[in-house]
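Data first, discussion second: the structure below is written as structure tokens.
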Amino acid sequence: MSPPAAAPGGSRQALAAGVGCYLLWGLMPALFLLMGRVGATPWEILAQRALWSAPWALGLVLIAGQAPEVRAILVRPRVLATLGLSGLLIGLNWSLYVWAVANGHVLDGSLGYYINPLLNMAVGAALFRERIDRFGAAAMALAAAGVAVQTAAIGHLPYISLALALTFTTYGVIRKQVDASAQAGLLVESLFILAPGAAYVGWLLTHGAGVFGHGVGGSLLMALTGPITVIPLALFSWAARRLTFATFGFLQFIGPTMGFVTGVANGEPLSPLRAASFGLIWGGAAVFAWGAWRAGRRLKLALAGA
């Protein structure tokens, strides 16, 4: 997830929050793999995520005192419809990622989230006329080369990686234009996907299937899908307003790197050609982060001299 622009500077608490959100996102593959090992199917994991996200999102809205904003959203059909679409996209992104992890494609998921910030840059230039400097252009060129090598390595386009990057980028474009705060918007999105998630969990319970409701350990593990989804988003939202974009340029690669390590540790094949594709993607990420750091440093010096 690429962050919005933030004010220069930032405290140690904000940095800790930023690192924390990406560490939690990076732990998701390991958590989903653990859920699979105790018997949860990808569909049950997804349904539990939809079910438990709503109450946690509601709790954050109440803590932040944003209930009036949510009520205002619910009586604005256009904003409500837009958040319904973004909710559909985030649900699709979750579905793809949970399926990828459960079916031995953690590396594909990692690749998708490496590509995502670079794709965001390209979309920003195309749709919002954001300027791409030479570092951004070089980063996107390296990412494109990495995708090309990945295609040669696996014999076809990396559909899972591209679908994850495209759905999350499209989600970001929609959320960028909707008049709703991060937490209030997340709650409304969660409400849109709550019903199908609750219905599927209910069906599993009435048929004696699934992990939830059949033992304390498994049930608690399933309930973790709520906080592991909502808490990183809350930390992200809080930190993004207090840290520079340059800082987030480094932090946003923590999650996919942890996912990559998880995939390799679980025995997913990493041929030399596929490793080379990741090398190109990492090169693009490094160039992107370096460019963001330079831009942040220039801004800081300009403000100091103002």
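Of all residues in segment 154-172, those that are free of Cβ contacts under 8 Å to residues at least 24 places away in the same chain have Cβ atoms under 9 Å from Cβ atoms of residues that are buried (at least 18 other Cβ atoms within 10 Å of the Cβ) and not hydrophobic (A, V, I, L, M, F, W, C), 6 or more apart or on another chain, in L157/Q150; Y159/D108. Can you find a residue that is among the β-branched types (V, I, T), farther than 16 Å from G279 by Cα, surrounded by fewer than 18 Cβ atoms within 10 Å (Cβ to Cβ) and touching a helix residue (DSSP H, G or I) at 6+ places or on another chain (Cβ under 7 Å) anywhere in segment 127-143? There is at least one residue in segment 127-143 that is among the β-branched types (V, I, T), farther than 16 Å from G279 by Cα, surrounded by fewer than 18 Cβ atoms within 10 Å (Cβ to Cβ) and touching a helix residue (DSSP H, G or I) at 6+ places or on another chain (Cβ under 7 Å).
The residues of segment 31-40 that are in a helix (DSSP H, G or I) and buried (at least 17 other Cβ atoms within 10 Å of the Cβ), listed by number, are L31, F32, L33, M35, G36.
Matching residues to (1) at pLDDT below 90; (2) buried (at least 21 other Cβ atoms within 10 Å of the Cβ):
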residue	(1), (2)
Q150	yes, yes
H156	yes, no
I160	no, no
S181	yes, no
G185	yes, yes
F192	no, no
A195	no, no
Y200	no, no
V230	yes, yes
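Looking across segment 268-306, the residues that are among the small types (G, A, S) and either touching a strand residue (DSSP E or B) at 6+ places or on another chain (Cβ under 9 Å) or at pLDDT 85 or above (or both) come down to S271, A275, A276, S277, G279, G283. A count restricted to segment 238-250 and to residues that are crowded, with 21+ Cβ neighbours inside 10 Å and at pLDDT 70 or above stands at 1. One residue alone among L96, L89, L111 is buried (at least 17 other Cβ atoms within 10 Å of the Cβ) and at pLDDT below 90, and that residue is L111. Of all the criteria given as (1) hydrophobic (A, V, I, L, M, F, W, C); (2) in a helix (DSSP H, G or I); (3) over 18 Å from the mean Cα position of the chain (by Cα); (4) at pLDDT 85 or above, the one not satisfied by F260 is (3). Within segment 202-212, can you find the residues that are surrounded by 14 or more Cβ atoms within 10 Å (Cβ to Cβ) and either in a helix (DSSP H, G or I) or on the phi < 0 side of the Ramachandran plot (or both)? Those that are surrounded by 14 or more Cβ atoms within 10 Å (Cβ to Cβ) and either in a helix (DSSP H, G or I) or on the phi < 0 side of the Ramachandran plot (or both): L204, A209, V211, F212. Screening segment 47-85 for residues that are among the β-branched types (V, I, T) and in contact (Cβ under 8 Å) with a residue 24 or more places away in the chain and picking the one that is surrounded by the fewest Cβ atoms within 10 Å (Cβ to Cβ) gives V79.
The residue pairs whose first member lies in segment 186-213 and is touching a residue at least 24 places away in the same chain (Cβ under 8 Å), whose second member is acidic (D, E) and in a helix (DSSP H, G or I), and whose beta carbons are closer than 7 Å, counting only pairs six or more residues apart or on different chains, are L204/E44; G210/E44; V211/E44.
The values are calculated or read from the model by the stated rules, or taken from the named source; none is laboratory data. Just so we're clear, the structure is a prediction, and the values are computed from it rather than from any experiment. Positions of Cβ are backbone-derived with ideal geometry, glycine not excepted, and every protein chain shown enters the neighbour counts.
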